[in-house]
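Read the structure below first, then the notes.
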Amino acid sequence: MGLSADGLTEIDGAIDASAERAFAFLEHLVASPSTVFHEQDAQAVVGAELRRLGFSIESLEIPNAVGLDEAAGVPQDDYGGRFDVVGRIGGSAGSGRSPLLINGHIDVVPADEPDLWSGDPFTPYRDDGWLVGRGAGDMKGGLAMATLALDALLATAWTDGVPGALTFLSVIEEECTGNGTLAAARAGVVADAVFLPEPTNLQLLLSGVGVLWVDVTVEGLAAHAEMADRAVNAAELLTPVIDALRDLEREMNSAFEEPSMPSVAHPYNVNIGLVQAGDWRSSVPAKARLGVRVGHPTEWSPDEAEKRVRAEIGDAAAGHAWLREHPPTIELTGFRAEGYSIDREHPFARAVAAAHGAAHGNDPEVAQMASTTDARIYMNQFGIPALCYGPRGRNIHGIDEAVELRSIVDGAKTLARFLIAWFEGSGR
Ligand SMILES: [Zn+2]
């Protein structure tokens, strides 16, 4: 089965014709800042767009008990009033079509240095074919790519409805725990495969490293600055802690490798993402804190990674005159993500690659990134094939983050072909 060349031309035409509408949806999304705890305005925008396309919408509660799940990250406070959005369309029971899930995250990372941006991070603007704004790349552009493909299919090949069960899930906390996706999957929002339109530059992203979030707090001895020579400056105590983390990073990168990402020279990055100490220039700070993201080998479970971090910092403290008596406090504060990967020759990966080939005339490359995505939860906890494929982003998590608008259209043409093959094809 499948579609004639004329049918595909018609779908591509509908994608081109609806592109501006998808860009407007994207702009609306970017203008709805959805940093952690503030996700719901943007979720409402997603819900409205899915409803317009004919999906039935449900706000899915995330139980606080998700934090007790062995696969959970450490919850970022209370989940009350913070929902995933689930859209469902198509699929009568016994139709024989395999259900599919599209998963995107609505949360974005903060943009707390707006003065470094060319404009307000949450007031999207276009720049030579790119849309600039926090979250435009990661990954609101991907959500727009997916709705654009569906919009075009529903206006052409699927005027009678989606020929199979399609679920569209917009989750929270992908950037810190993965608990939005985990809670939805535990609640039964799953399918036979999961497509995540993360920003991959129209490449297949098939794997991720382990990621652990830890905060390290040290206590010194506060004093007036005039007697700083007899006090213990907590900010300066961070130096041996950072040195220990750098040692761990060096050890991981020399002793391990990620078979799924041979072209990544340095897969395990230990990132000092937050530094906090002090409140006055003439006071010696009593406390200091690091917020750290530890990329670690897929061979290590989250518990193993935590053990190694504690051991490395513990060893450094034992050799330090003050820290020996005042050991640093180490606590987990988010990600407890295992590494994952899906084989390039898995039928699902081959099907997405074939759709890309049909749309663009070449085999998609395999992206290799030393990060993680929610695909790991489907792969590791549920045995469900999952992969990422989406638009081209720029300055992800950085200043003047952007998405290339053309790549949203190009990605939608791939996704439309994949969806037809998935729901109407026979060679799966
Ligand atoms: Zn993302």
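The values are calculated or read from the model by the stated rules, or taken from the named source; none is laboratory data. The model shown is predicted, which means the values in this text are computed figures rather than measured ones. For neighbour counting, all protein chains shown are included, and Cβ atoms are generated from backbone atoms with ideal geometry for every residue, glycine included.
Every residue, every condition in (1) in contact with a strand residue (DSSP E or B) (Cβ under 9 Å, 6 or more places away or on another chain); (2) assigned to a loop (DSSP other than H, G, I, E, B); (3) at pLDDT 95 or above, yes or no:
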position: ALA19; (1), (2), (3): no, no, yes
position: PHE25; (1), (2), (3): no, no, yes
position: LEU29; (1), (2), (3): no, no, yes
position: PRO33; (1), (2), (3): no, yes, yes
position: GLN43; (1), (2), (3): yes, no, yes
position: VAL46; (1), (2), (3): yes, no, yes
position: ARG52; (1), (2), (3): no, no, yes
position: GLU58; (1), (2), (3): yes, no, yes
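Whether a residue is within 30 Å of SER301 (Cα to Cα), in contact (Cβ under 8 Å) with a residue 40 or more places away in the chain and not in a strand (DSSP E or B) was assessed, and ASP78 does not pass this test. Across the stretch 360-381, a minimum of one residue is classified as more than 20 Å from the chain's Cα centre (by Cα), part of a helix (DSSP H, G or I), more than 16 Å from the ligand (Cβ to nearest atom) and at pLDDT 95 or above. Looking only at the stretch 265-281, residues that are surrounded by fewer than 16 Cβ atoms within 10 Å (Cβ to Cβ) and either of a type outside the set (S, T, N, Q) or on the phi > 0 side of the Ramachandran plot (or both) come to 10 in all. Right, LEU238: crowded, with 19+ Cβ neighbours inside 10 Å and on the phi < 0 side of the Ramachandran plot or not? Spelling it out, LEU238 is indeed crowded, with 19+ Cβ neighbours inside 10 Å and on the phi < 0 side of the Ramachandran plot. Checking the stated criteria, GLY398 turns out to be free of Cβ contacts under 8 Å to residues at least 12 places away in the same chain, within 16 Å of ALA136 (Cα to Cα) and either more than 14 Å from the ligand (Cβ to nearest atom) or assigned to a loop (DSSP other than H, G, I, E, B) (or both).
The test for being of a type outside the set (Ser, Thr, Tyr) and surrounded by 24 or more Cβ atoms within 10 Å (Cβ to Cβ) holds for GLY390. Confirm whether ALA48 is more than 30 Å from GLY129 (Cβ to Cβ), of a type outside the set (Lys, Arg) and surrounded by fewer than 18 Cβ atoms within 10 Å (Cβ to Cβ). The answer is no for ALA48. Looking at the stretch 287-317, which of its residues are among the hydrophobic types (A, V, I, L, M, F, W, C) and either in a strand (DSSP E or B) or in contact with a helix residue (DSSP H, G or I) (Cβ under 6 Å, 6 or more places away or on another chain) (or both)? If the condition is that a residue be among the hydrophobic types (A, V, I, L, M, F, W, C) and either in a strand (DSSP E or B) or in contact with a helix residue (DSSP H, G or I) (Cβ under 6 Å, 6 or more places away or on another chain) (or both), then ALA288, LEU290, VAL292, VAL294, ILE313, ALA316, ALA317 are the ones that fit. Does GLY210 fit the bill of being within 16 Å of the ligand (Cβ to nearest atom) and touching an Asp or Glu at 6+ places or on another chain (Cβ under 9 Å)? Here the answer is no, as GLY210 does not meet what is asked. Kindly indicate the residue of the stretch 177-189 that is assigned to a loop (DSSP other than H, G, I, E, B) and in contact (Cβ under 8 Å) with a residue 40 or more places away in the chain and also farthest from the ligand (Cβ to nearest atom) among those meeting that condition. Among those that are assigned to a loop (DSSP other than H, G, I, E, B) and in contact (Cβ under 8 Å) with a residue 40 or more places away in the chain, it is ALA187. Quick check on the stretch 270-285. Is at least one of its residues outside any strand (DSSP E or B) and under 25 Å from HIS320 (Cα atoms)? There is at least one residue in the stretch 270-285 that is outside any strand (DSSP E or B) and under 25 Å from HIS320 (Cα atoms).
Would you confirm whether or not the stretch 89-105 contains a residue that is over 25 Å from LEU415 (Cα atoms), free of Cβ contacts under 8 Å to residues at least 12 places away in the same chain and part of a loop (DSSP other than H, G, I, E, B)? Checked against the condition, which is being over 25 Å from LEU415 (Cα atoms), free of Cβ contacts under 8 Å to residues at least 12 places away in the same chain and part of a loop (DSSP other than H, G, I, E, B), the stretch 89-105 yields no hits at all. Please indicate, with yes or no, whether at least one residue in the stretch 54-70 is closer than 22 Å to LEU387 by Cβ and either touching a residue at least 60 places away in the same chain (Cβ under 8 Å) or touching a Gly at 6+ places or on another chain (Cβ under 9 Å) (or both). No, the stretch 54-70 contains no residue that is closer than 22 Å to LEU387 by Cβ and either touching a residue at least 60 places away in the same chain (Cβ under 8 Å) or touching a Gly at 6+ places or on another chain (Cβ under 9 Å) (or both). Looking across the stretch 266-303, the residues that are under 22 Å from the mean Cα position of the chain (by Cα), farther than 22 Å from ASN380 by Cα and among the hydrophobic types (A, V, I, L, M, F, W, C) come down to VAL270, ILE272, LEU274, VAL292. The residues on offer are THR239, THR217, THR181, and the sole one that is among the hydroxyl-bearing types (Ser, Thr, Tyr) and over 30 Å from ALA321 (Cβ atoms) is THR181.
Within the set LEU405, LEU415, LEU387, the sole residue that is under 21 Å from the mean Cα position of the chain (by Cα) and within 16 Å of the ligand (Cβ to nearest atom) turns out to be LEU387.
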